[in-house]
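Below is one structure, written out as structure tokens; the observations come after it.
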Amino acid sequence: VITVDGIQVLKAEPYSGAYWEDGSDQQVENVMAVTVKNTGDTAIQLANLVVRDQAGNAYSFQCTSLWPNQTMIVLEQNRAACNGVKEIVAAELEQVAYFAEEPTMCEDVLAVSCVDHAITVKNVSGDTFQGGRVFYKNEVNGILLGGITYMVTVPALEKEEEITIPAGHYTVDGSSVLFVTYAQ
């Protein structure tokens with residue numbers, strides 16, 4: 001385990017399956033994957049992490065929307081292969097940005113409900129809603145999958161107006177809505 005600025009690199013391993021980091025879901029084989037944990041007290045908005053293996057090879061990872069005490073599996077940003085990696089010996093943060101304010105669901109403004117591949121949003125604010133975004137991630141057994149945070153854009157809505165927006169990567173059993181932002 002290597003810790004750098006509140007991010008623990010718990011393990012590295014090869015990954016084969018859908019490449020989720022760019023939303024393409026292309027099938028890949030033997031891509032380097034790391035499991036990281038935010039051990040700090042602040043939610044991370046973005047962290048660009050570089051890890052090095054015992055042979056000196058560098059691997060780049062981008063983590064987004066990582067809450068304190070949360071764990072995430074991230075795939076190598078350039079789809080670099082995990083050839084013969086026995087251990088990670090070093091890690092560094094090239095960039096880190098924290099949320100300025102704690103992210104929320106803005107439940108006093110929007111009611112959000114989900115079904116597979118769609119998110120329904122209702123304006124409950126009592127005023128015209130000027131537009132915003134709903135952010136979500138996929139997960140398995142409480143571990144987030146990917147540095148990517150998916151997003152749907154919510155258009156302006158009149159009072160009590162509701163809209164259902166396609167959310168291609170959202171599944172009821174494998175995703176969580178993380179937070180909502182909106183124009184004020």
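The values are calculated or read from the model by the stated rules, or taken from the named source; none is laboratory data. In this text the structure is predicted, and so the values were computed from the model without any measurement. Neighbour counts run over all protein chains shown; Cβ positions are idealised from the backbone, glycine included. Just so you know, the surface numbers come from the protein's heavy atoms only, side chains and all, with ligands and any DNA or RNA stripped out. Shrake-Rupley method; radii C 1.70, N 1.55, O 1.52, S 1.80 Å.
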#### Entry: Positions within segment 73-88 being surrounded by 13 or more Cβ atoms within 10 Å (Cβ to Cβ) and either of a type in the set (Gly, Ala, Ser) or at pLDDT below 90 (or both), in sequence order
Ala80, Ala81, Cys82, Val85, Ile88
### Task
Could you please tell me which pairs satisfy a Cβ distance under 9 Å, a separation of 6+ or placement on different chains, a first residue in segment 125-142 that is closer than 13 Å to Thr181 by Cβ, and a second residue that is assigned to a loop (DSSP other than H, G, I, E, B) and open to solvent by less than 40 Å² (accessible area, probe 1.4 Å)?
Phe129/Val109; Gly132/Cys106; Gly132/Val109; Val134/Ala167; Phe135/Pro103; Tyr136/Ala167; Tyr136/Tyr170
### Scope segment 4-48; condition over 18 Å from Ile143 (Cα atoms) and assigned to a strand (DSSP E or B); matching residues
Val4, Gln26, Gln27, Val28, Glu29, Asn30, Val31, Asn48
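If we only count strands (runs of 3 or more DSSP E) wholly inside segment 121-179, which ones have 3 or more residues that are open to solvent by less than 40 Å² (accessible area, probe 1.4 Å)?
Details: elements: 132-140, 143-154, 162-166.
Passing ranges, in order: 132-140, 143-154.
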### Task
Write out, first by first residue and then by second, each pair whose Cβ atoms fall under 6 Å of each other, whose residues are 6+ apart or on separate chains, and whose first residue, in segment 12-40, is touching a residue at least 40 places away in the same chain (Cβ under 8 Å) while the second is open to solvent by less than 50 Å² (accessible area, probe 1.4 Å) and in a loop (DSSP other than H, G, I, E, B).
Ala12/Val85; Pro14/Cys82; Asn30/Cys82; Val31/Glu76; Met32/Glu76; Met32/Ala80; Met32/Cys82
